Amino acid sequence: MRIPSSYLVQFHEPEGYLDFARFGPPSHAVVVESTRLLETSAAAGPATVDDLMRQELRARAAVARLCRGDTDHVALLPNTSTGLFQVALGVTGEVLVSAGEFPANTYPWARSPRVDVSWLPPGPVTADAVRAALTPATKAVAVSAVDFRTGHRADLAALREVVGDRLLVVDGIQGFGVVDEPWEAADVLVVGGQKWLRAGWSTGFMALSDRALDRLDPVLSGWTGAEDAGLFDNAIHPVGEGAAGWSITNLSPVAAGALAVASALVALAAVATLDAAVRDR
């Protein structure tokens, strides 16, 4: 399959640009949508804020399609680190993490007072390496879908089988949107949108399985993640149902709109097609 021309015309980074591991230049559509939403906010009419906040559901729906999931299991994030810190503060017990992970996927576990980190040796996180390190106390395994140093792709299906009923936490930022993986194998998938999704900075999401929602404690959630968030009755409300309960506060609707447009473009091109094109290059 060829990448549709309707996708290719959206980008104009210089020929030879290969720094997607740090930043994927956004599309024309993302720039236009971000500008439109920012200009809308400048109008500041009586319905402006309510209209803009609808971008969150739009973004969650676009992301859920790429995850092969649904909006009840997706929460928006401003970056990958925020989601990983939320998970690290929500799990209690031993967590397996490679010492060679990108620091965004080591500091949250090391900083959490509830986690006992068991460091895997630097190198590819394989099913065999995880199997050898698992103990009866292991509650979760954290891994990057694509290693930031080598480009090694973790075998998520094999890791899922080895981990069993434990939680599998996947940092997907170096692959989501361009690597065709069984993302549904992850109990927690955390992704920033500024790389292969090409949505710009301050965009991202977290997808949580039913197992994760049942076992993780949403310590780092706020008023927008509570039931009846709009009811200001001087009470602390219970955590909301599903991934919505992991919301900390209202995020930028401009960023949400950018994420929605960027995700739709990836769906237009098809991840498998983009994956094949990158392999060919």
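List of remarks:
- Taking the Cα centre of segment 74-170 as reference, the dipole from Cβ charges on Lys and Arg (+1) and Asp and Glu (-1) amounts to some 160 debye.
- Recomputing percent of Cα pairs over 36 Å apart from the coordinates shown identifies the correct label among (1) 29; (2) 15; (3) 23 as (2).
- Placed amide H near residue 203: partners under 5 Å, 5+ positions off or other chain: 193, 194
- Mean-position separation - Cα centroids, segment 226-246 and segment 72-134, in angstrom: 27 Å
- Residue 107/residue 184 FRET efficiency (R0 30 Å; Cβ-Cβ; nearest 0.05): 0.65
- A cut-off of 5 Å between modelled amide H atoms, ignoring neighbours fewer than 5 places along the same chain, links residue 116 with 93, 94, 95.
- Charge dipole (segment 182-281, unit charges on Cβ, about Cα centre) - positive-most of 236, 272, 251: 272
- The calculated 222 nm mean residue ellipticity attributable to helices in the chain amounts to -10500 deg cm²/dmol, summing -39500 (n - 2.57) over DSSP H runs of n ≥ 4 and dividing by all residues.
- Förster-model FRET efficiency, 30 Å R0, residue 231 and residue 272, C-beta, rounded to 0.05: 0.10
- The charge dipole of the chain, taken about its Cα centre with unit charges on the Cβ of Lys, Arg, Asp and Glu (plus for the first two, minus for the last two), comes to roughly 580 debye.
- Spacing of the modelled spin labels on residue 47 and residue 137, each 7 Å from Cα toward Cβ, amounts to 5.8 nm.
- Projecting the Cα atoms of 59, 42, 16 onto the charge dipole of segment 1-147, computed from C-beta unit charges around the Cα centre, puts 59 farthest toward the positive end.
- Rolling a 1.4 Å probe across the protein heavy atoms gives segment 138-207 an accessible surface of 30 Å² per residue.
- Exposed loop sites, defined as GluC sites (Glu not before Pro) outside DSSP H, G, I, E and B with at most 13 other Cβ atoms within 10 Å, are absent from the longest region of the chain, namely 16-226.
- Placing +1 on each Lys and Arg Cβ and -1 on each Asp and Glu Cβ, with no other charges, gives segment 52-99 a dipole about its Cα centre of roughly 300 debye.
The values are calculated or read from the model by the stated rules, or taken from the named source; none is laboratory data. Since the structure is predicted, the reported quantities are computational estimates derived from the model, not experimental observations. For neighbour counting, all protein chains shown are included, and Cβ atoms are generated from backbone atoms with ideal geometry for every residue, glycine included. Surface areas here come from the heavy atoms of the whole protein model, side chains and all, with no ligands, DNA or RNA. Shrake-Rupley method; radii C 1.70, N 1.55, O 1.52, S 1.80 Å.
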